[in-house]
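Heads up, the thing below is written out as C-alpha cells.
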2 protein chains.
Amino acid sequence: MGTTGQLATVPEPKYWHLRTVLLRAIETEFTTGQILPNERELSARFGVARATLRQALDQLELEGRLVRRRGIGTLIAAPRVGVPVNRHEEGWPGTARSQAWRIVDCTTAPATPRLAKALGVVEGATVHTVRRVRMVQGQNMATESLHVPAAVLPHLPGFRAESDRARSVLRQLERLEVDGESRSVELGVAEAGEAALLERPPGSPVLVMTTQYAAAGRLVAIAVSTYRADTCKLTFGETGLVEVTPVAASSEVRSAS
Amino acid sequence: MGTTGQLATVPEPKYWHLRTVLLRAIETEFTTGQILPNERELSARFGVARATLRQALDQLELEGRLVRRRGIGTLIAAPRVGVPVNRHEEGWPGTARSQAWRIVDCTTAPATPRLAKALGVVEGATVHTVRRVRMVQGQNMATESLHVPAAVLPHLPGFRAESDRARSVLRQLERLEVDGESRSVELGVAEAGEAALLERPPGSPVLVMTTQYAAAGRLVAIAVSTYRADTCKLTFGETGLVEVTPVAASSEVRSAS
DNA sequence: TAGTGGTCTAGACCACTAA
DNA sequence: TAGTGGTCTAGACCACTAC
C-alpha cells in the first residue's frame with residue numbers, strides 16, 4: 001500500500017490543477033506588483049467557469065501569493081514580511097517602548113466569565129483592556145487586546161484621558177518585571193472590529209497569537225494578537241542566534257526536496 | 001470619525017451574516033460531534049442558494065468550528081488541540097526520543113538551489129532529508145521535512161535500511177548539542193504529499209513552521225513542519241512557567257471584551 | 001463610464017458513505 | 001440504494017476604482 005499513490009487514477013479537481021498552473025506562471029512569468037489578466041479573461045483562456053477560476057485564486061491568495069483589489073485587479077503579492085515576536089519587539093521590558101505599536105483605546109470593565117477564567121480571576125473582577133495596532137512597513141499588520149486584572153496594578157493613577165491610562169497600564173506592567181511568557185498560535189478569521197483595524201474585509205484569515213505573561217510565577221496579563229495571515233510570517237527569535245542566511249519562503253523550501 | 005461604524009449603512013454580505021447566525025447556533029444549540037442539518041436543507045431554511053450557505057460553512061471550517069465529511073455530513077468540531085512545540089516535544093535533546101513522531105522516509109540527495117541557500121551550503125551539496133509524521137491523540141497532526149547537510153554529520157554510518165539511516169541522522173544530530181533554534185510560523189496549504197500524510201484534501205490550510213537549529217553558533221539543520229490548521233493550536237512553552245489556568249479558545253476571549 | 005473583483009443564484013453531476 | 005458533501009457551470013447584479 002503505497003502511502004500516497006503518485007499517479008492517482010482519481011483526476012484532481014480542475015481548480016487545484018489550475019492553481020498549480022497559475023503558481024508556476026506566478027513564479028516564472030510575473031514579478032511582485034504585476035497585475036494578472038482579469039478573472040473573466042483568465043477563465044475564458046483556461047476554459048472554465050469564472051467560479052472555478054476564483055476557487056484557484058482563493059487558494060493562491062490564502063498562500064499569500066496573490067492580492068486581489070476590487071476595482072483594480074489581481075496582483076502578485078510581495079513575499080511575506082517576517083514579523084519578530086518577542087517581548088522586546090512588543091515594547092515590553094524596560095527598553096524604550098517600541099514605535100511599532102499604536103494605542104487604539106483602553107477600557108476598564110468587569111471580566112466576562114471566559115476572560116475571568118483565562119486570567120485566573122473571579123468573574124466580574126475589574127480588568128483593564130488596552131487595544132493596540134502594530135504597524136510594519138507602513139501597514140497595519142496586527143491588532144492586540146491586552147488584558148490586565150486591575151488587582152495586578154494596585155498603584156494605577158486615577159482617571160485620565162484614555163490614551164494616558166493605556167500608557168500607564170503598559171508602564172506599570174513593565175515594572176512588574178515580567179519574567180516569562182507562554183504563547184500559542186492558531187488560525188482564525190478577522191471579526192468586524194479587527195478587520196477594520198487591519199484594513200481587510202471581515203473573514204480574512206489571521207494568525208491568532210495568545211500570550212500569557214507571568215511575573216513571579218503568577219499570571220499577570222494575557223494578550224490576544226491577530227496578525228494578518230496574508231502578509232505576515234511570525235518569527236520567534238528566542239536568542240537571536242542563527243543569522244547565517246535568511247531562509248527562503250517556506251513553500252519554496254518545501255517543494256525543493 | 002468612529003473607527004468602525006457599528007451601524008454600517010453598508011449591508012454585510014449574506015454569507016457573513018449567515019456565518020454569525022450559525023456560529024451562535026453552534027455555540028448554544030450543538031455540542032461536539034453533533035451533525036448539522038445537511039446543506040440543502042440549511043440553504044432552504046435560510047432562503048439562500050447552496051453556494052452561499054457553503055461560503056458561510058467555509059468560514060466556520062477555517063475557524064476550526066466545523067468538520068465536513070463527504071458522504072456523512074457537517075459536524076461540530078472539537079476544540080483545537082494544543083500541540084507543544086519545542087525541542088523536547090520534538091524528540092531532540094538527549095532525552096528519550098518522543099513517541100509522537102513516526103519516520104516516513106529518508107533521502108540523501110544534492111541540495112536544490114533554494115535548499116542550499118536556506119542551509120548556507122553550496123549548491124549541490126549532499127543533504128539528508130528525513131520525513132516524519134507527528135501523531136497526537138491518534139491523529140496525524142503534522143508532517144516534517146528535516147534537512148541536514150551531510151557535512152554536518154561526518155561520522156554517519158554507511159548504507160543501511162532507510163529507516164535505520166533516518167534514525168542515525170536524528171541520533172547524530174542530537175550529539176551535536178543543539179543549543180539554539182529560531183522559528184517562524186506562517187499560513188500555507190497542504191500540497192499533495194503533505195495532504196496525503198495528514199489525511200486531508202489538497203489545499204487544506206496548514207500552519208507552516210520553519211525551524212533553524214544551531215550548534216556552536218552554526219546552522220546545522222532546518223526543519224519545515226506543516227501542522228493541520230483545522231485541528232491544531234501551536235503552543236510555545238518556553239520555560240513552562242505559566243500553568244495557572246488553561247486559556248480558553250482565543251476566539252472566545254477575543255469576543256469577550 | 002468602463003472595467004475590476006465580490007456576491008449570489010439555480011441548477012447539474014460526481015465521489016463517497018452507510019445501510 | 002439513498003443521502004451527503006465536493007465540484008462545476010453560466011449567468012446576473014453589485015461595489016469599488018480609475019479615467
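The values are calculated or read from the model by the stated rules, or taken from the named source; none is laboratory data. Here the structure is a predicted model, which means the values were calculated and not measured. Positions of Cβ are generated from backbone atoms using ideal geometry, with glycine treated the same way; all protein chains shown enter the neighbour counts. Please note that ligands, DNA and RNA were not included when accessible areas were found on the heavy atoms of the full protein model with its side chains. Shrake-Rupley method; radii C 1.70, N 1.55, O 1.52, S 1.80 Å.
With A:Gly158, A:Gly203, A:Gly124, A:Gly138 as the choices, which residue is assigned by TED's automatic domain parsing to the domain that holds A:Leu234 and either buried (at least 16 other Cβ atoms within 10 Å of the Cβ) or modelled with pLDDT of 95 or more (or both)? Full working, then the answer.
Details: A:Gly158 fails: either buried (at least 16 other Cβ atoms within 10 Å of the Cβ) or modelled with pLDDT of 95 or more (or both); A:Gly124 fails: either buried (at least 16 other Cβ atoms within 10 Å of the Cβ) or modelled with pLDDT of 95 or more (or both); A:Gly138 fails: either buried (at least 16 other Cβ atoms within 10 Å of the Cβ) or modelled with pLDDT of 95 or more (or both).
Of A:Gly158, A:Gly203, A:Gly124, A:Gly138, the one residue that is assigned by TED's automatic domain parsing to the domain that holds A:Leu234 and either buried (at least 16 other Cβ atoms within 10 Å of the Cβ) or modelled with pLDDT of 95 or more (or both) is A:Gly203.
Of all residues in the range B:67-86, those that are away from chain A (no Cβ under 14 Å) and in a strand (DSSP E or B) have Cβ atoms under 7 Å from Cβ atoms of residues that are more than 16 Å from DNA strand D (Cβ to nearest atom) and hydroxyl-bearing (Ser, Thr, Tyr), 6 or more apart or on another chain, in B:Ile76/B:Thr31; B:Ile76/B:Thr32. All of (1) open to solvent by less than 40 Å² (accessible area, probe 1.4 Å); (2) β-branched (Val, Ile, Thr); (3) at pLDDT below 95 hold for B:Ile222 with one exception: (3). Here A:Leu62 meets each of (1) within 14 Å of DNA strand C (Cβ to nearest atom); (2) without any contact (Cβ under 8 Å) to a residue 60 or more places away in the chain; (3) hydrophobic (A, V, I, L, M, F, W, C) with one exception, condition (2). For the range A:174-190, filtering for residues that are closer than 30 Å to B:Gln59 by Cβ and among the hydrophobic types (A, V, I, L, M, F, W, C) leaves 4.
Please go through the range B:71-82 and give me each residue that is more than 22 Å from A:Glu63 (Cβ to Cβ), out of contact with any helix residue (DSSP H, G or I) (no Cβ under 7 Å at 6 or more places or on another chain) and more than 8 Å from DNA strand C (Cβ to nearest atom), ordered by number. B:Gly73, B:Leu75, B:Ala77, B:Ala78, B:Pro79, B:Val81, B:Gly82, listed by residue number. Any chance the range B:123-132 includes a residue that's in contact (Cβ under 8 Å) with a residue 60 or more places away in the chain and in a loop (DSSP other than H, G, I, E, B)? The answer is no, given that none of the residues of the range B:123-132 is in contact (Cβ under 8 Å) with a residue 60 or more places away in the chain and in a loop (DSSP other than H, G, I, E, B).
Among residues belonging to the range B:20-37 that are open to solvent by less than 60 Å² (accessible area, probe 1.4 Å) and within 12 Å of chain A (Cβ to nearest Cβ), point out the one that is farthest from DNA strand C (Cβ to nearest atom). This residue is B:Leu23. Just one of the listed residues (B:Arg54, B:Arg40, B:Arg50, B:Arg68) is modelled with pLDDT of 95 or more, away from DNA strand C (no atom under 11 Å from the Cβ) and not assigned by TED's automatic domain parsing to the domain that holds B:Ala190, and it is B:Arg68. Taking first residues from the range B:36-50 that are farther than 12 Å from B:Leu22 by Cα and of a type in the set (Lys, Arg) and partners that are open to solvent by less than 80 Å² (accessible area, probe 1.4 Å) and near DNA strand D (Cβ under 6 Å from one of its atoms), the Cβ contacts under 6 Å between residues at least 6 apart in sequence or on separate chains come to B:Arg50/B:Glu39. Looking only at the range B:167-200, residues that are more than 14 Å from the chain's Cα centre (by Cα), of a type outside the set (Val, Ile, Thr), open to solvent by less than 50 Å² (accessible area, probe 1.4 Å) and farther than 21 Å from B:Val136 by Cα come to 7 in all. Residues that are β-branched (Val, Ile, Thr), open to solvent by 20 Å² or more (accessible area, probe 1.4 Å), assigned by TED's automatic domain parsing to the domain that holds A:Val189 and modelled with pLDDT under 95 do occur in the range A:84-98, at least one of them. In summary, A:Leu57 fulfils each of the numbered conditions (1) open to solvent by 10 Å² or more (accessible area, probe 1.4 Å); (2) hydrophobic (A, V, I, L, M, F, W, C); (3) within 24 Å of B:Asp58 (Cβ to Cβ) with the single exception of condition (1). Note on the range B:145-180: residues that are without any contact (Cβ under 8 Å) to a residue 60 or more places away in the chain, more than 19 Å from B:Ala118 (Cα to Cα) and in a helix (DSSP H, G or I) total 7.
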